[in-house]
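To keep things clear, I will list the structure first and then write my remarks on it.
The values are calculated or read from the model by the stated rules, or taken from the named source; none is laboratory data. Just so you know, these numbers come straight off a predicted model, no measurement behind them. Here the Cβ positions follow ideal geometry from the backbone for every residue, glycine too, while neighbour counts run over all protein chains shown. Ligands, DNA and RNA are excluded from the accessible area calculation, which covers all protein heavy atoms including side chains. Shrake-Rupley method; radii C 1.70, N 1.55, O 1.52, S 1.80 Å.
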Amino acid sequence: MNEMKLSKRLATVAGYIPKDAVFADIGSDHAYLPCYSILQGIAKAAIAGEITDGPFISAKKQVKKCELSDVISVRQGDGLSVIEEGDSIDCITIAGMGGGLIKRILEEGSTKLSGVKRLVLQPNIHAIYIRQWMMENGWQLIDEDIIEEDNKIYEILVAEKGNSMLPYQTYSIEANLLLGPILAKKKSVVFQNKWTQECNHWRTIVKQLEQAGHTYENNEKFKELSNQIRLVEEVLQA
């Protein structure tokens, strides 16, 4: 992977960045996404944000190598703190983190979202936390994608400011939050494979809990997993 050829995961994220956007890529690592997006004529400027020294230095070297220092600002800081007043950011991308961490970044940086028109988020796990945050904070999912790369499955969530209700309410709110309302509507092969595997894994744990005996913790976990299995079956068997 380099600035001219992204991984399938990052290329999918790049595909949702609006034309001529000024965007902030949080957790940018080698700044491949900002460099690619500008070299391909997708975005016109970007901020590459990193919190740790190593990735920050790598990003600076990458931007310099691509001769893009005039349009990509590499900054070190926690989450959205790298966005400064006057940056005119209209899109934020966050890829390759857990859903809980992405949610925390958005919550702690909420004051930096006032002028942002689009969020493109790729959680490695727990996308449900991001959907819950969107519903509670006036962001509407406008698209979702799910891909498989190197035997791993990734979800991409795209949101814009607007009605906070989740679109495509085909299933219960619980099911929409867990599986994704747009993904559940599309029901791609990758989507079906992901949730079939998850369900099989949960059923195995449920059997183990049944055999382990009744403790408060076991009972609570049993209820949680049984409910998740029910939600997945609600969608897959529809």
Note the full-extension length gain between Asp53 and Glu148 as 0.36 nm times their separation in residues minus their Cα-Cα distance, in nm to one decimal.
-> 31.2 nm
Express in nm, to one decimal, how much length is gained between Glu160 and Ser172 on full extension, taking 0.36 nm for each residue of separation and deducting their alpha carbon distance.
-> 2.1 nm
What angle, in degrees between 0 and 90 and rounded to the nearest 10, separates the Cα long axis of helix 99-108 from the longest principal axis of the Cα atoms of the chain?
-> 50
Protection proxy ranking of 101-114, 18-31 - average other beta-carbon atoms within 10 Å, highest first = 18-31, 101-114
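Of Lys5/Lys161; Lys44/Lys103; Lys161/Lys187; Lys19/Lys44; Lys44/Lys117, which pairs sit farther than 19 Å apart, going by alpha carbon to alpha carbon?
Result: Lys5/Lys161; Lys44/Lys103; Lys161/Lys187 exceed 19 Å.
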With label points built 7 Å along Cα→Cβ from the Cα atoms of Glu224 and Ser188, find their separation and express it in nm.
-> 2.9
Stretched fully, the stretch from Glu85 through Met4 gains (0.36 nm per residue minus C-alpha distance, one decimal, in nm) 26.1 nm
Could you give the angle, 0 to 90 degrees to the nearest 10, between helix 189-212's Cα long axis and the longest principal axis of the Cα atoms of the chain?
-> 50
Excluding ligands, DNA and RNA, the carbon-plus-sulfur percentage of the accessible area of segment 127-238 with a 1.4 Å probe reads 48
